[in-house]
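I have placed the structure first, in the form of structure tokens, so that the comments after it can refer back to it.
The values are calculated or read from the model by the stated rules, or taken from the named source; none is laboratory data. Worth saying up front: this structure is predicted, and the values here are computed from it rather than measured. Positions of Cβ are generated from backbone atoms using ideal geometry, with glycine treated the same way; all protein chains shown enter the neighbour counts. When the accessible area is computed, the model is the full protein with side chains, heavy atoms only, and any ligands, DNA or RNA have been set aside. Shrake-Rupley method; radii C 1.70, N 1.55, O 1.52, S 1.80 Å.
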Amino acid sequence: LGAFRAERAMSTHASFERHKKEASKHESNVFYLLNKEDQQRTATLQSLPGDEKLRCTSASKIRSAVAQQRLALREYKEAARLRPRDVETKEQLQSARLVLRKLQALVDGPKQIPMRRFLAHYNLSIRYWDKGEARQAIDEARESCKELAKHGLPRGCAEHNLLLMMQVFSEFKGEQKKLEDAVQRSPEAIGSNYDLGIHFFDKRMMHKAEAQLRLTRDRAKASTALQLVEQDMLSLQGEDAPTLDGKKAVRMARVLEDIEDDLRFIARLKELWCVEEESGKTGELQATGVRDGSLPQLLPCLHCRYSQDRAGCDAWLRDLSVRTDINLKASRACQKLAPKSQKQGVRG
């Protein structure tokens, strides 16, 4: 029994020494990789180079050093398992952990600030606004500002959106109520429907304005078509059909022309303001406002829809985009196409 114990102790000691030798060899490989140039001029270096030199070391060398350091750490762990009370081994194990942590941080780069929640709230606020859902848009804009503040980042365009939405919602609330009441009283009135569409455009609610103007166009066409059908029916019955009012027909034609012009202009603005970056997107989703990837992209803020002074927006986007600790894929900077001036509403 005594001979067996002595043999087992010898085996444990041999394994312990072997693990430490292997660990030392892997650490020497790490130091050689990272100090290769300096070793041509000086004696063998058994330490990491300075932080500045490490940052300038190629990524492939750093990854190779990380792989070697992991092997060294594994060997030290085995040695510590065999002799858990060995002080030197525990110190070497702790030192190996610190070196691996430092090298791994260089491979991983700066810790990323999570921005997905901000991007979601930011884009949702603009999409709700474009659909005419002002209160939901303000809530989402407020949440986007909170996300930036939580990470100590400037609020920039997120704050622009919130302030503009609150201001426009407050200023136009009474006028929108009057226009909606007028449309409710006379659903087929072309003038009231057209004025409501222009009102949504003035608020830069692009999808809502487009939908209202399309509805107005359809009602104008239906009204004209109905008058022509009634005239044809009277003619077929042999009755004297009243001639169409020339002035009214000309005015209706101009209304339809204006509406088509408005719709074309809104379509151009939607391409600039309401659609995420198109490059690399599948053909079926081009110009739909729907993305086909998992990473959202910032839409231009509402300030760009009201003002040509985009210096603040561009500076905010630029500052966020150049930061290495933020995973933010921003879309185009605020566009330079100014919104069209309001058309005069058609009464009648």
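Quick look at the values:
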read-out: Spans of helices (runs of 4 or more DSSP H) in segment 88-203 with at least 3 residues more than 30 Å from Ala67 (Cα to Cα), touching an Asp or Glu at 6+ places or on another chain (Cβ under 7 Å) and not basic (Lys, Arg); value: 116-130
read-out: Hey, Arg142 in contact (Cβ under 8 Å) with a residue 12 or more places away in the chain and open to solvent by 60 Å² or more (accessible area, probe 1.4 Å) or not; value: yes
read-out: Of all residues in segment 41-83 being of a type in the set (Ser, Thr, Tyr) and part of a helix (DSSP H, G or I), the one that is modelled with the lowest pLDDT; value: Ser60
read-out: Failed criterion for Gln92 (all others in (1) open to solvent by 20 Å² or more (accessible area, probe 1.4 Å); (2) among the polar types (S, T, N, Q); (3) in contact with a Pro (Cβ under 8 Å, 6 or more places away or on another chain) hold); value: (3)
read-out: Residue list for segment 102-126, filter: open to solvent by 60 Å² or more (accessible area, probe 1.4 Å), over 15 Å from Leu320 (Cα atoms) and within 17 Å of the chain's Cα centre (by Cα); value: Arg117, Leu124
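A quick yes/no check of all residues on (1) within 17 Å of His121 (Cβ to Cβ); (2) touching a helix residue (DSSP H, G or I) at 6+ places or on another chain (Cβ under 7 Å); (3) at pLDDT below 50; (4) loosely packed, with under 13 Cβ neighbours inside 10 Å:
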residue	(1), (2), (3), (4)
Arg291	yes, no, yes, no
Cys304	no, yes, no, no
Ala311	no, no, no, yes
Asp319	no, no, no, no
Ile326	yes, yes, no, no
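This table checks each residue for (1) open to solvent by less than 20 Å² (accessible area, probe 1.4 Å); (2) under 20 Å from Ala137 (Cα atoms).
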residue	(1), (2)
Leu162	no, yes
Met165	yes, yes
Lys173	no, yes
Lys177	no, yes
Ser192	no, no
Phe201	yes, yes
